[in-house]
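Everything on this sheet refers to the single structure shown next.
The values are calculated or read from the model by the stated rules, or taken from the named source; none is laboratory data. Just so it is clear, the structure is predicted and the values come from calculations on it, not from any experiment. Note: ideal-geometry Cβ built from the backbone for every residue, glycine included; neighbour counts use all protein chains shown.
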Amino acid sequence: MAEDFKMVFGDEVDTSGELIFVQEQEQEPYGSIQYFKLIYRERVNNFLKDFLHSNVESVISNSNGDVEQVKTQISNLVEVYYQARLEFDKHKNKLLY
């Protein structure tokens, strides 16, 4: 049975013939109010993710090796992120309709 399988590396696999299925999304007409609301929502989501990611990286790269301090700072960043996310989710329906 072991003879049936061969180990290959990622660069040895030909993926050119693979099909990729993408779920089609409804498109809002460019320039419509709904279009700009969806763009705004996407940008806020991206901003919040980028905020958390870049600040966690900054805390880690600027740490002096004090693990407890790093844990506290990251915990504070996560709390700010979730508070912002909750606030945004509260008002999200106003953006969509």
Being more than 18 Å from Arg43 (Cβ to Cβ), in a helix (DSSP H, G or I) and of a type in the set (Asp, Glu) is the filter here, so list the residues in region 66-94 that pass it. Glu68, Glu79
Inside region 27-54, can you point out the residues that are in a loop (DSSP other than H, G, I, E, B) and surrounded by 12 or more Cβ atoms within 10 Å (Cβ to Cβ)? Glu28
Being of a type in the set (Asp, Glu), modelled with pLDDT under 80 and either in contact with an Asp or Glu (Cβ under 6 Å, 6 or more places away or on another chain) or more than 30 Å from His91 (Cα to Cα) (or both) narrows it down to one of Asp66, Asp14, so name that one. Asp14
Options Val8, Val80: the member that is modelled with pLDDT under 90 and among the β-branched types (Val, Ile, Thr): Val8
Single residue of Glu87, Glu57 found to be among the acidic types (Asp, Glu) and under 21 Å from Phe36 (Cβ atoms): Glu87
